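K.L.:
Structure incoming, see below.
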Amino acid sequence: MELKIYNSLSGEKEIFRPIHENNVGMYVCGPTVYSNVHLGNVRTFMSFDFIYRSLTHLGYKVRYVRNITDAGHLTDDGDVDNDRFVKQSRLEKLEPMEIVQKYTVDFHKVLENFNLLPPTIEPTATGHILEQIELTQKLLDKGFAYESNGSVYFDVLEYNSRGLNYGELSRRNIEELFANTRDLDGQNEKKNPQDFALWKAASPAHIMRWNSPWGEGFPGWHLECTAMSTKYLGEKFDIHGGGMDLKFPHHECEVAQGKACNGTEPVNYWLHANMLTMNGQRMSKSTGNYILPMELVSGNNDFFEKAFHPAIVRFNFLQAHYRSVLDISNEAMVASEKGFQRLMEAMKILNQVSAADNQQGSTLNMKEWKEKCYNALTDDFNSPILISHLFEAVNFIFKLKDEKEKLSPEDLEELKKLMNVFVYEVLGLQNIEENNNEKLDQTLRVLIELRNQARKSKNFELSDQIRDRLLAEGIELKDGRDGTSYSLI
Ligand code: AMP
Ligand code: ZN
């Protein structure tokens, strides 16, 4: 079966042909670990988790590299004081590396909660400073870069003068780019505003700094991905992914760096995941239009009427194709929860129903159904279409239970196997143990009642103790007009 992938570089769906048969090298830009990831970030990483799971299921051995950006990520190329890590470390009164550690741990915890598989290699920018210095030197030696006041910049005009095309990935025209950029303050050490930093000289106040042939400084953000992808996947590899917003300038710069260094297109297939929006606006830390993953899962927020289990959030996200915008809303989450519960109920029934001796009259043609599922999966990883086919089977399974349908022993085995593979392995959904949740709910209601009794009899020591002990276990009690509610934090 042929796998078709939409390639941002060509703007077309193409048949996927890996460089080395049965092997795939995939690089995905990781998080900048200076604060908690928001739900939008989670969507992008989940999109690539689904792609990774799909490729693996289709029989490829995938080397999946996802980096951690822990150095040199400026909010603006021109201003050295805009290093996100330095800013955050001042704010939280922590070492920059404490910031890195704190938010890397948070990132891993969040992704594990949403059942994302870890990449096979997770390199950090600070662990690859040498490689970045070497790349910078190579670009200088080849005449694609120039030094200016201890910083080194990539020379975009020089690149284009050699018949190369800065703007090929994002389909931007360099003349227009030049016309639309003002020369911002502090950028005058660049020859042109479009030139981007490979290496930045550190100001005396800059804490994260390394020695280099150009003095003390730190690497530019775009360079780290080229350095790490080249090191672990080679000068040319199969798939590079990231959020749509990274296409320009980040990925455009990666293409330019790779081509300038090695004379070849560094990536065969560029994949871009679309954005998560809330209230119709892109989710983003800087605008304040965001929700943290754990706020959604705990119910501790003003946007959703209740808490949602991470598996339901995952189901909701995968109900949209990775290249479509997804607007998160309470209604959609409630609908996803219903759908998810029906799916899980069907999975349970599937283990209980027995096969019929003859299959005459069955409306599920296993061969055709299986083909439809694989067609969806191999058509640019179309998760919503795959899910719609799974629901065709779900409806059938409910009829099996009511004995309105029947299936032969072989087909029933096949249906069980495929449903398990698609639901748990490929989509990565997890079965929520309803019983455990119910028991927890009942237990907490008893504790809340006992606390209320303690308060009534003015035993505040005991009532506070119940509240604090629960909080220490990650359960927050909230007293409202309608009584006490709880949320898992
Ligand atoms: P950052 O840590 O800012 O580099 O972002 C990590 C990843 O999240 C990148 O691939 C971004 O493209 C992606 N991202 C940022 N905002 C959103 C959003 N609202 N929806 C989906 N992905 C996003
Ligand atoms: Zn990157």
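The values are calculated or read from the model by the stated rules, or taken from the named source; none is laboratory data. Please read all numbers here as calculations on a predicted model, not as lab measurements. Here Cβ is always computed from backbone atoms with ideal geometry, including for glycine, and neighbour counts include all displayed protein chains. Areas reflect the complete protein model, heavy atoms only, side chains present, ligands, DNA and RNA absent. Shrake-Rupley method; radii C 1.70, N 1.55, O 1.52, S 1.80 Å.
K.L.:
Restricting to the stretch 35-49, give me the number of residues that are under 10 Å from the mean Cα position of the chain (by Cα) and more than 10 Å from ligand 1 (Cβ to nearest atom).
P.N.:
Qualifying residue count, the stretch 35-49: 1.
K.L.:
Another question, then. Among the listed residues 28, 42, 65, 24, which satisfies the condition of being among the β-branched types (Val, Ile, Thr), modelled with pLDDT of 95 or more and out of contact with any Leu (no Cβ under 8 Å at 6 or more places or on another chain)? Lay out the reasoning, then the answer.
P.N.:
Numbers: 42 fails: out of contact with any Leu (no Cβ under 8 Å at 6 or more places or on another chain); 65 fails: out of contact with any Leu (no Cβ under 8 Å at 6 or more places or on another chain); 24 fails: out of contact with any Leu (no Cβ under 8 Å at 6 or more places or on another chain).
None of the other options fit; the residue is 28.
K.L.:
With (1) in a helix (DSSP H, G or I); (2) under 23 Å from residue 424 (Cβ atoms) as the list, and residue 320 as the residue in question, which single condition is left unmet?
P.N.:
Answer for residue 320: the failing condition is (1).
K.L.:
Shifting gears a bit: Of these, 365, 431, 375, which one is closer than 20 Å to residue 51 by Cβ and of a type in the set (S, T, N, Q)?
P.N.:
Working: 365 fails: closer than 20 Å to residue 51 by Cβ; 431 fails: closer than 20 Å to residue 51 by Cβ.
Of 365, 431, 375, the one residue that is closer than 20 Å to residue 51 by Cβ and of a type in the set (S, T, N, Q) is 375.
K.L.:
Pairs under 7 Å by beta carbon, first residue within 25 Å of residue 3 (Cβ to Cβ) in the stretch 354-372, partner at pLDDT 85 or above and among the aliphatic types (A, V, I, L, M), six or more apart or different chains?
P.N.:
Within 7 Å, the pairs are 366/415; 369/393; 370/418.
K.L.:
Would you please name the residue that is least open to solvent (accessible area, probe 1.4 Å), looking only at residues in the stretch 234-248 that are away from ligand 2 (no atom under 12 Å from the Cβ) and among the charged types (D, E, K, R)?
P.N.:
Filtering the stretch 234-248 for residues away from ligand 2 (no atom under 12 Å from the Cβ) gives 234-239, 244, 248.
Narrowing the set further to residues that are among the charged types (D, E, K, R) leaves 235-236, 238.
On the way: 235: 94, 236: 83, 238: 7 Å².
Of everything passing the filter in the stretch 234-248, 238 is least open to solvent (accessible area, probe 1.4 Å).
K.L.:
Can you tell me which residues in the stretch 221-233 are open to solvent by 10 Å² or more (accessible area, probe 1.4 Å) and more than 10 Å from ligand 2 (Cβ to nearest atom)?
P.N.:
230, 231, 232, 233
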